[in-house]
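Undergrad: Let me give you the structure first, and then I'll get to my questions.
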Amino acid sequence: MTRTRTIRPRRPLLAGTTAVAAMAVTAGLVAATAEPAKAATGPKLSLIAATTSITLTSWKEEPGVYLDLGTYLTAEGRPLELKVTRKSYKDPVTITQTVYEGGKAKAKVLPKGTVKDFSGLRDFAEITVTDKAGKKVLSRSEDFCPNNASGRVRPDAPATSKYPESCPTNPFTLGSVWGVEKGWAANTYAGSYTDPAMLAAGTYTAKVRVAKKYRDLFGIADKPATVKVTVRERSYEDEQSATGPASRSSASGEHAGHGAAHPAPTAHTGHGPGHAPTPAQAAAPVTSGAGPSYNVGHGPLKAAPPALPWALKKQQAARSMRVGDTGGQTDGSRKAPALQPLSKRPAGKPSVPDVPKPDLRSLPAYGIVVSDGEKDIPGKDHLAFSANVWNAGPAQLVVDGFRTPGKAKMDAYQYFYDAKGKQVGYTPTGTMEWDPRPGHMHWHFTDFASYRLLKADKKEAVRSGKEAFCLANTDAVDYTVKNANWHPFNTDLATACGEENSISVREVLDVGSGDTYSQDLPGQSFDITEVPNGTYYIQVLANPEKRLKETNVDNNSALRKIVLGGKPGKRTVTVPAHDLVNEN
């Protein structure tokens, strides 16, 4: 069963590192708005353009261009750091800025309404486009994720940014951290959160400015960035002729870095060589987050601008690549270093020491739709959904599997570490099994979570057959919890789940991150063919057998209310809002 990621995460399409160092020399930095002498201070922010001119492509088959104009927000003096949280799903999303007073960090509460969700600062950038005659042909506002594609603007800036690589899209995100590192710049392009601009082939002038409320809030000068834009028109056929069959057959299949969950969120597996999407272009096509799809992706996002049209990419991928979580191909956010297990199974007496442990929690189900089992089981109705189990910490969940030569299953062990990161104990915690089915091809840790459809009286009606998983950090659920790791390693399956000939495997769920599975295929989704209409609850249950050692097992269950209706073959599902979370 193909595993479809939802998430990671991620504003996946803009994460990664973009070369912007060349703009450092000309970047004009603006002092923050004057404040009392003892007032807390923040960064010096400025809007700059990486280039004075840019060429954008409009495809004849899919008219419109995406306005990735190369404008960036730079931070100097101190980083721009924002923390976005909600106490519960009954509370609105709030935002604070980290400022400094007497050299010490403190939280400055920003005005209500600055944010409504975790996708970024609303209506941050104002864009106007005029034609050669000076006539205005477009005017729009776009949101801004400070974790967008970024890079250093001067050589002495910090070598790496401490901030996450995307803004979360999971509807049940609880906390996020956004930031522009000092000496760095973040792309203001809104990516999958914007629509293409309907501009005919020709030349234009685009002007980008920061909205007044943000200029006042952060002390940004009113200095618009101006970019000359050339729109060229091309066709799929032209591109196919240019690439040729020889080029298509040599595709590497590796993704450009997208960022973690959000994330992350990826595009189709396999891109034609020489046409791999840039970080700003590689996002998931339209998906409910639950429906069966060739297009593995993170979350219910619109398609981002591709380097090539999706239709052409699909043709290339079909000819040159296999779909699934095989070596070198991922359905997560980015290619990450593999996490290495211990070389030998643990020796000595197992023990569960008194040290910090993970806290596994379930999110309510989302992306809930009625499907027909991919049309391969006539007369059947299935209820598909996305489910996430995350780790609230304060410690990682670390599980190693060890294989006895010749045996099909691995023995799994959970490891424990002290405050200094030293391994101080382990305990057996079940097994790992190899899943040879297309789209899987990796090791699953058994009994990590289970999914049940409960009746109105909370008694079980149907249970999902999916209970074995490969753990990966697909979604940034709450990066404000203690010990949250803003840069988890295993964000995709190809780097976390081993090979068929592996002697051992390590799977990790980092603090602050969650692992989303889309239950969209028969055996995963609920068969509701014979289930009467009425009110039900989807239960997401973490650690159902309590084999994993946690700080708390009383918060492992989450319920999402639904109402089933319709007739056989045309079943419907109504999903009421979950407190203030309304996906509709």
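The values are calculated or read from the model by the stated rules, or taken from the named source; none is laboratory data. Keep in mind it's a predicted model, so treat the numbers as computed, not measured. In this analysis, Cβ positions are derived from the backbone assuming ideal geometry, glycine residues included, and neighbour counts consider all displayed protein chains. Note: areas computed on protein heavy atoms with side chains; ligands, DNA, RNA excluded. Shrake-Rupley method; radii C 1.70, N 1.55, O 1.52, S 1.80 Å.
Undergrad: Using θ = phi - 60° and the Karplus relation 6.51 cos²θ - 1.76 cosθ + 1.60, list the HN-Hα couplings for the stretch 125-137 in order, rounded to whole Hz, with x at every Gly or Pro.
TA: 9, 10, 10, 10, 10, 10, 8, 4, 7, x, 7, 6, 10
Undergrad: List the aspartates and glutamates whose Cα sits under 15 Å from the Cα of residue 106, skipping any in the same chain fewer than 8 residues away.
TA: Answer for residue 106, where 15 Å is the Cα cut-off: 81, listed by chain and number.
Undergrad: For a paramagnetic label modelled at 7 Å from the Cα of residue 200 toward its Cβ, which residues of the stretch 132-147 fall within the zone defined by backbone nitrogen distances under 16 Å?
TA: 132-138
Undergrad: Considering every Cα-Cα pair within the stretch 118-158, what fraction, in whole percent, is farther apart than 15 Å?
TA: On the way: 509 of 820 pairs.
Distances greater than 15 Å cover 62 percent of the Cα pairs.
Undergrad: Can I ask one more? Within the set of other residues whose C-beta is less than 10 Å from the C-beta of residue 55, count the net charge using Lys and Arg as +1 and Asp and Glu as -1.
TA: Surrounding charge for residue 55 is +2.
Undergrad: Please give the per residue accessible area of the stretch 61-125, computed with a probe of 1.4 Å over protein heavy atoms only, in Å².
TA: Numbers: 3030 Å² over 65 residues.
Ligands and nucleic acids excluded, the result is 47 Å² per residue.
Undergrad: Any idea what log10 I(q)/I(0) is at q = 0.19 Å⁻¹ for the stretch 186-242, Debye with uniform C-alpha scatterers and no solvent?
TA: -0.92
Undergrad: Then there is this: In the structure shown, do any of 420/546; 112/561; 162/420 have a Cα-Cα gap over 31 Å, and if so which?
TA: Where the Cα-Cα span goes over 31 Å, no listed pair is concerned, since all stay within it.
Undergrad: Mind pulling the per residue volume of the convex hull built on the Cα atoms of the stretch 45-120? Å³ is fine.
TA: Looking at the stretch 45-120, the number lands at 134 Å³ per residue.
Undergrad: Kindly provide the pair-distance distribution of the stretch 69-194 built from C-alpha pairs, with 5 Å bins from 0 and whole-percent values in order of increasing distance.
TA: 2, 10, 18, 20, 19, 14, 8, 5, 3, 1, 0
Undergrad: Which three lengths, in whole Å and largest first, does the stretch 470-584 cover when its Cα atoms are put on their principal axes?
TA: 49, 38, 28
Undergrad: Here's something else I'd like to know. Just to be sure I follow: if Rg is taken over the C-alpha atoms of the stretch 351-423 and Rh is the Kirkwood radius over the same atoms, what is Rg/Rh?
TA: Ratio of gyration radius to Kirkwood radius: 1.20.
Undergrad: Ok, one more. Could you compute the FRET efficiency for residue 89 and residue 457, with r as their C-beta to C-beta distance and R0 at 25 Å, rounded to 0.05?
TA: Working: r = 23 Å, r/R0 = 0.94.
So, using R0 = 25 Å, E works out to roughly 0.60.
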